[in-house]
Amino acid sequence: MAYNVLTLVGSLRKESFSLKIANTLAKLAPSSLKLEVVTPAGISFFNQDLEANPPADWVAFREKVQKSNGVIFVTPEYNRSIPGALKNAIDVASRPYGKSSFIGRPVGIISNSPGPLGGVSAAKHLQNILPGIAGPIMQQPETYLNAVGDAFDPSGDCSKETLKTVLQQYLNAFAAHVEQYSK
Ligand SMILES: Cc1cc2nc3c(=O)[nH]c(=O)nc-3n(C[C@H](O)[C@H](O)[C@H](O)COP(=O)(O)O)c2cc1C
């Protein structure tokens, strides 16, 4: 049996490096993991007034998270934090209060940037956001991918062998993390 892993991309951009990293992860996944890549596109703004009668897009996203056995966040950094679209998706799935869809699901965090710092501040913000609303966050290997701007060919495939190796190592660790915390 393979564990279903939602791979939640922090960017809405068509040519997003985060999306390309998530797609590469899906291709490299070991047989014990099945990765579904999802972006925050189409998730409407969270508004507490709508909680009693939630919009269909919130319900669909929450169900996707609930059906997963684990979640890997693949996020860029916007102004030293996570993009608003990703925060909104997290807020949507975290409600109703006490019934977060992420609860119990082992979590992984991969940040990235074409710049030198690998989006580490975004990853650190996720580590602040998630503990109250999600399952155990994998601590190692810490994975902040820098200089991702030249890592993909025009068709979106990863052309940087060192990056593929890092992603493979991450997946192996995450497979063990999901196995450890799945009931
Ligand atoms: C609003 C905005 C803020 C950004 N802030 C940062 C930042 O704080 N750190 C960083 O490394 N890159 C920053 N960038 C550059 C992004 O890393 C770059 O645009 C990246 O390609 C976005 O991720 P994506 O390719 O997955 O869409 C920012 C980009 C935008 C549009």
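The values are calculated or read from the model by the stated rules, or taken from the named source; none is laboratory data. Everything numeric here is computed off the predicted structure, so don't read it as measured data. Here the Cβ positions follow ideal geometry from the backbone for every residue, glycine too, while neighbour counts run over all protein chains shown. Calculation scope for accessible area: heavy atoms of the full protein, side chains included, ligands and nucleic acids excluded. Shrake-Rupley method; radii C 1.70, N 1.55, O 1.52, S 1.80 Å.
Okay, helix-only estimate at 222 nm for the chain: each DSSP H run of n ≥ 4 adds -39500 (n - 2.57), divide by all residues, round to 500 deg cm²/dmol; what do you get? Intermediate values should be presented prior to the final figure.
Working: 5 runs with 66 residues, N = 183.
My calculation for the chain gives -11500 deg cm²/dmol from helical runs alone.
Carbon and sulfur atoms: what percent of the 1.4 Å accessible area of segment 1-148 do they account for?
Numbers: 3700 of 6970 Å².
Taking all protein chains in place, segment 1-148 shows 53 percent carbon and sulfur surface.
If I stretch the segment between residue 63 and residue 117 completely, what's the gain in nm (0.36 nm per residue apart, minus their alpha carbon distance), one decimal?
The span from residue 63 to residue 117 would gain 16.0 nm if fully extended.
Given labels modelled 7 Å from the Cα in the Cβ direction, how far is it in nm from residue 147 to residue 180?
3.1
Using the heavy atoms of the protein chains alone and a 1.4 angstrom probe, what is the accessible area of the chain per residue in square angstrom?
49
Using the alpha carbon gyration tensor of the chain, what are the three equivalent-ellipsoid semi-axes (square root of 5 times each eigenvalue), largest first, in whole Å?
Numbers: eigenvalues 126, 71, 43 Å².
Sorted largest first and rounded, they come to 25, 19, 15 Å.
Any chance you could check the Cα centroid distance between segment 68-121 and segment 125-163 for me, in angstrom?
11
Just how many % of Cα pairs in segment 85-169 lie over 23 Å apart, if you round to the nearest whole percent?
34
So, counting K/R as plus one and D/E as minus one, what does the shell of residues with Cβ under 12 Å around residue 122 add up to? Could you put the intermediate results ahead of the total?
Values: positive: 80, 87, 124; negative: 77.
Once positives and negatives cancel, what remains is +2.
What distance in nm separates the simple spin-label points at residue 128 and residue 157, each placed 7 Å from Cα in the Cβ direction?
A separation of 4.1 nm, rounded to one decimal place.
Percent antiparallel among DSSP beta bridges with both residues in the chain, to the nearest 5?
Around 10 percent antiparallel, to the nearest 5.
How far apart, in nm, are the 7 Å Cα→Cβ label points at residue 45 and residue 12?
In this crude label model, residue 45 to residue 12 measures out at 1.1 nm.
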